[in-house]
Amino acid sequence: MPSVEVNHISKTFGSVRAVDDVSFVVNPGEIFGLLGPNGAGKTTTIRVLLDIFKPDAGSVSILGGAMTEAKKNLIGYLPEERGLYQDISLDRCLTYLASLKGLNPGEAHQRIGEYLERFDLASVRQKKVKELSKGMQQKAQLIVALVHQPDLIIIDEPFASLDPINTQMVKDLLLEQRSRGATILMSTHQMHQVEELADRFVLIDHGQAMLYGELETIRRDYSSNDLLVRATTPLPPLPGVIRTEPHNGAVKLSLAPEVSPQEILGMLVARGICVEQFEIAMPTLDEIFIRVVQGRKEDKA
């Protein structure tokens, strides 16, 4: 049974179609990416999932059916906009919000204390929330989403305002949540983050689903006839290579359509070149997205 099942949902605000016939499934125990640029319809989709907005068309199933009050305690939600009480201490704010998810004071105190230590927030627990930096508030909001150990975690732009150290900390935490069996739906415009974490994804632009499926399958579908080669010596000119360019310490070789990677490898070995890296140049999600969106614009032109 899917943790989330979205069937042809649409949502319009005035003359703006924010979500346009979007469908996808999130399987139990996976990290699923909801991707797209700012304004693509990601947050509206999440609000439909959480029953904050009613769809104009289509349906949503959460944890086996319609949203209920009981299910809300099984869900952890990190909104894009922070929802913390600003004029009370961080400790009091977190304890109160944990109580709304059914934690008793003893459980809340223990779990919150552990998270505050992990996120380097223990020293500011008595400060008012409004006195904390944006990054600190982002980490505090994440604690609220996770403290009750939810079955389904929905996080909207989880890495906003975080420095590289805290970004890695959050990634490690999300992987731990998946390891304990939680399902994670992660919405972001930072596609390189999803490449590191997600099993599958849907890519939305202007409210429409443009790509959907397994990350590696889609990358293979959009791969070109290019290679990444790193050798101990400069590469000689090779028949069938129509262009070369530096690429992250390696050399990117663009091959003629009739030339295979195996032929290039054979040439290098025959010439005694010591090869340290040899792989198909798989496109990034950013590159794939640009190709898809540009193709969409050209089709409309």
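The values are calculated or read from the model by the stated rules, or taken from the named source; none is laboratory data. A quick note: this is a predicted structure, and the numbers were derived from the prediction, not measured. So basically every Cβ, Gly included, is an ideal-geometry build from the backbone, and we count neighbours across all protein chains shown.
So the values come out like this:
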{"item": "From the options LEU142, LEU152, residue that is touching a residue at least 60 places away in the same chain (Cβ under 8 Å), touching a Gly at 6+ places or on another chain (Cβ under 8 Å) and within 30 Å of GLY64 (Cβ to Cβ)", "result": "LEU152"}
{"item": "Single condition HIS109 does not satisfy, out of (1) under 19 Å from SER187 (Cβ atoms); (2) part of a helix (DSSP H, G or I)", "result": "(1)"}
{"item": "Residue, modelled with the highest pLDDT, within region 262-284, restricted to residues that are under 27 Å from PHE201 (Cβ atoms) and either over 31 Å from the mean Cα position of the chain (by Cα) or among the β-branched types (Val, Ile, Thr) (or both)", "result": "ILE280"}
{"item": "Within region 176-192, considering residues that are crowded, with 20+ Cβ neighbours inside 10 Å and touching a Lys or Arg at 6+ places or on another chain (Cβ under 9 Å), the one nearest to GLY76 (Cα to Cα)", "result": "ILE184"}
{"item": "Selected residue [in contact with a Ser or Thr (Cβ under 8 Å, 6 or more places away or on another chain) and farther than 25 Å from ALA18 by Cβ] from LYS101, LYS134", "result": "LYS134"}
{"item": "Failed item, numbered, when LEU116 is tested on (1) farther than 30 Å from VAL48 by Cβ; (2) in a strand (DSSP E or B)", "result": "(2)"}
{"item": "Some residue of region 48-68 being in a helix (DSSP H, G or I), assigned by TED's automatic domain parsing to the domain that holds ALA108, buried (at least 20 other Cβ atoms within 10 Å of the Cβ) and of a type outside the set (Val, Ile, Thr)", "result": "yes"}
{"item": "Residue match in region 235-242 (condition: in contact (Cβ under 8 Å) with a residue 12 or more places away in the chain and either assigned to a helix (DSSP H, G or I) or in the same structural domain as GLU157 (by TED's automatic domain parsing) (or both))", "result": "no"}
{"item": "Cβ-Cβ under 7 Å pairs, at least 6 apart or on other chains, region 96-117 side of a type in the set (Val, Ile, Thr), far side surrounded by 15 or more Cβ atoms within 10 Å (Cβ to Cβ)", "result": "ILE112/LEU94; ILE112/THR95; ILE112/ALA98; ILE112/ILE143; ILE112/VAL147"}
{"item": "Top-ranked residue of region 96-109 - restricted to ones that are under 29 Å from the mean Cα position of the chain (by Cα) and surrounded by fewer than 18 Cβ atoms within 10 Å (Cβ to Cβ), ranked as farthest from MET136 (Cα to Cα)", "result": "GLY102"}
{"item": "Enumeration of residues in region 22-71 that are within 20 Å of GLU157 (Cα to Cα) and charged (D, E, K, R)", "result": "GLU30, LYS42, ARG47, ASP51"}
{"item": "Any hit, region 1-15, residues being crowded, with 16+ Cβ neighbours inside 10 Å, at pLDDT 95 or above, closer than 14 Å to LEU152 by Cβ and of a type in the set (Ser, Thr, Tyr)", "result": "yes"}
{"item": "Test: VAL202 is of a type outside the set (Lys, Arg), closer than 18 Å to SER3 by Cβ, crowded, with 17+ Cβ neighbours inside 10 Å and modelled with pLDDT under 90", "result": "no"}
{"item": "Matching residues, region 15-43, being among the polar types (S, T, N, Q) and free of Cβ contacts under 8 Å to residues at least 60 places away in the same chain", "result": "SER15"}
{"item": "Output for region 234-261, where each listed residue is closer than 30 Å to ASP205 by Cα and more than 29 Å from the chain's Cα centre (by Cα)", "result": "SER254"}
{"item": "Qualifying residue in region 64-85 (condition: out of contact with any Phe, Trp or Tyr (no Cβ under 8 Å at 6 or more places or on another chain) and farther than 30 Å from ASP20 by Cα)", "result": "yes"}
{"item": "Matching residues, region 25-42, being more than 19 Å from GLU196 (Cα to Cα) and buried (at least 22 other Cβ atoms within 10 Å of the Cβ)", "result": "ALA40, GLY41, LYS42"}
